[in-house]
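Chemist: Starting off with a structure, shown below.
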C-alpha cells in the first residue's frame, strides 16, 4: 500500500495537511507494509525539510501511489486518472460550482472518498475540522467585538501559532460586562467553549442569563430545545425536534433581547426553523451587536449572514432595517464575522487533530479489509459511476 500526500493547489492557498511529519513516521512504524510519499509544497504549514527530517520521502511526482490524500478540492487539471483520492470534494450537497469536478472524477475513473462522509455505522462523522473552526471562530468573534467598539485590537488568528497563543491573547483584553450566547454542542460548539473557558469567562444557566444582570462578562451555551419550542406547546425531547423540525418555531428572541454577542456553532438541518429572521433583527428588542457565525449558512438560520467573508477581510456589517451590507462600525449595523474556512487560520493544530482522527479510523481500514465499512460508506464514485449511497447525485451529474 503506497499513500501519497498531495500538495494543496486550490486558491486561496490552504496550509493544512492530512498528516504531519511526526504522524507519518508513527504510521510507518505501526504499518511496515505501508509506504508514504509527500508531494513537495512551499505552501504547507510543515516544510519539506520537516518531513525529510523524520525520514519521509518528499517527491515532485506522486503518480505511482495507490491512494492520494488531500484536504481541499483537487483542481481538475491535476487529477490523476484511475487513483483513489480522499479530500473534501464539496459535491455531495450538489454544489453547482463543483459539478464539473465530479464529472471529471467520473470521467477519469477516480475512486473518490469524501472526508465529510467518513462515518461510523450510525452516521456519526469520524474526521472533521469542526473543533478548530470553533476555536478560531470564537477568537475572531472577540476580535470583531473589539474592532466594532474600538475597545482593543487583537492580532489576526492567522498570524498566531496555535490555540494556546490565541487564548493568551484573549486573556489580555478587558471586556465590558457583556452577555454572550453560544448555540451548538457538537465539535464546533465544543471548540468555542474551550476558548471561552480558556479565557476564564463565567458560564451561567439559561435562567440566569435571561433574567439576571452581571458585573462581568458571562456566557450561556444553549441546545436546540432552549432556542426552539413546539408550536403546540408540548415539551418533548431533542429526538422529537430532529424528527419533526417542522413542528417547531424559534424561541431565540428571548436570548437576542439580552445578549450582546452571538456565536453560532450549531448544525442546521433542512426543515428546522430559522434561529432569527430578518424581521427579528429589525425588532427594537433585538440587542445583539456582534455575530460570529462559525456555521456560516448563507441566507439561512442566522439572518445577518448574507454572504461568507474571507480571512483577509473577515468582518462586514448588516443593517437590519435595509437588509443590506454596510460598514461594520456603522452604529446601526450588526458586525458579522462569517469566514467559511476558519481552520485554515490555525493550520498546525488543525492538521495535527485531523491526522490523529484519520490515522485512528481510516488507515486501519486499508489493512483489515474495511471490517467496519469505513471505506464503503465514504466512497462517492467507483469504476466511473456513482456508488449506491450517492446515487441521489445522478440528476446533479446529468445537469438536471
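The values are calculated or read from the model by the stated rules, or taken from the named source; none is laboratory data. Note that the structure is a prediction, hence the values are computed from the model and not measured. Backbone-built Cβ (ideal geometry, glycine too); neighbour counts: all protein chains shown.
Chemist: Considering only residues that are out of contact with any strand residue (DSSP E or B) (no Cβ under 8 Å at 6 or more places or on another chain) and in a loop (DSSP other than H, G, I, E, B), look in the range 67-84 and name the one that is farthest from residue 10 (Cα to Cα). Talk me through it step by step, then tell me what you get.
Modeler: The initial filter retains those residues of the range 67-84 that are out of contact with any strand residue (DSSP E or B) (no Cβ under 8 Å at 6 or more places or on another chain), namely 75-78, 81-82.
Subsequent filtering for residues that are in a loop (DSSP other than H, G, I, E, B) retains 75, 81-82.
Working: 75: 7, 81: 19, 82: 21 Å.
By that ranking, first place goes to 82.
Chemist: Now for a different question. Only residues that are surrounded by fewer than 18 Cβ atoms within 10 Å (Cβ to Cβ) and touching a helix residue (DSSP H, G or I) at 6+ places or on another chain (Cβ under 7 Å): list them for the range 1-26, please.
Modeler: Answer for the range 1-26, where residues must be surrounded by fewer than 18 Cβ atoms within 10 Å (Cβ to Cβ) and touching a helix residue (DSSP H, G or I) at 6+ places or on another chain (Cβ under 7 Å): 1, 9.
Chemist: Filter the range 85-122 for residues that are assigned to a strand (DSSP E or B) and closer than 19 Å to residue 343 by Cβ; which is farthest from the chain's Cα centre (by Cα)?
Modeler: Within the range 85-122, the match that is farthest from the chain's Cα centre (by Cα) is 86.
Chemist: Another question, then. If a residue must be out of contact with any strand residue (DSSP E or B) (no Cβ under 9 Å at 6 or more places or on another chain) and not in a helix (DSSP H, G or I), how many such residues does the range 128-157 contain?
Modeler: Within the range 128-157, residues that are out of contact with any strand residue (DSSP E or B) (no Cβ under 9 Å at 6 or more places or on another chain) and not in a helix (DSSP H, G or I) number 9.
Chemist: So, one more: Residue 53 - would you say it is closer than 19 Å to residue 1 by Cα and surrounded by fewer than 21 Cβ atoms within 10 Å (Cβ to Cβ)?
Modeler: So residue 53 fails the test.
Chemist: Test residue 177 against the stated conditions and say whether it is surrounded by fewer than 19 Cβ atoms within 10 Å (Cβ to Cβ) and under 18 Å from residue 144 (Cα atoms). So that I can check it myself, show each step before the final result.
Modeler: Details: surrounded by fewer than 19 Cβ atoms within 10 Å (Cβ to Cβ): yes; under 18 Å from residue 144 (Cα atoms): yes.
Answer is yes for this residue.
Chemist: Residue under question is residue 39, and the condition is that it be exposed (fewer than 13 other Cβ atoms within 10 Å of the Cβ), over 24 Å from the mean Cα position of the chain (by Cα) and not assigned by TED's automatic domain parsing to the domain that holds residue 340; does it hold?
Modeler: Considered against the rule, which asks whether it is exposed (fewer than 13 other Cβ atoms within 10 Å of the Cβ), over 24 Å from the mean Cα position of the chain (by Cα) and not assigned by TED's automatic domain parsing to the domain that holds residue 340, residue 39 comes out as no.
Chemist: Looking only at the range 216-253, count how many residues are assigned to a helix (DSSP H, G or I) and surrounded by 15 or more Cβ atoms within 10 Å (Cβ to Cβ).
Modeler: Residues that pass the stated criteria total 9.
Chemist: Here is a follow-up. Restricting attention to the range 326-348, which residues are more than 18 Å from residue 149 (Cα to Cα) and either over 14 Å from the mean Cα position of the chain (by Cα) or free of Cβ contacts under 8 Å to residues at least 12 places away in the same chain (or both)?
Modeler: 348
Chemist: Given the conditions (1) touching a residue at least 40 places away in the same chain (Cβ under 8 Å); (2) over 18 Å from residue 181 (Cβ atoms); (3) within 23 Å of the chain's Cα centre (by Cα), report the number of the one that residue 299 does not fulfil.
Modeler: (1)
Chemist: For the range 305-323, which residues satisfy the criterion of being touching a helix residue (DSSP H, G or I) at 6+ places or on another chain (Cβ under 6 Å), farther than 14 Å from residue 143 by Cα and surrounded by 17 or more Cβ atoms within 10 Å (Cβ to Cβ)?
Modeler: Across the range 305-323, the qualifying residue is only 320.
Chemist: Can you find, within the range 277-286, the residue that is nearest to the chain's Cα centre (by Cα) among those that are crowded, with 16+ Cβ neighbours inside 10 Å and under 22 Å from residue 329 (Cβ atoms)?
Modeler: Going through the qualifying residues, I end up with 281.
Chemist: Within the range 324-340, track down each residue that is in a loop (DSSP other than H, G, I, E, B) and either surrounded by fewer than 24 Cβ atoms within 10 Å (Cβ to Cβ) or out of contact with any strand residue (DSSP E or B) (no Cβ under 9 Å at 6 or more places or on another chain) (or both).
Modeler: Selection gives 327, 328, 329, 330, 331, 332, 333, 340.
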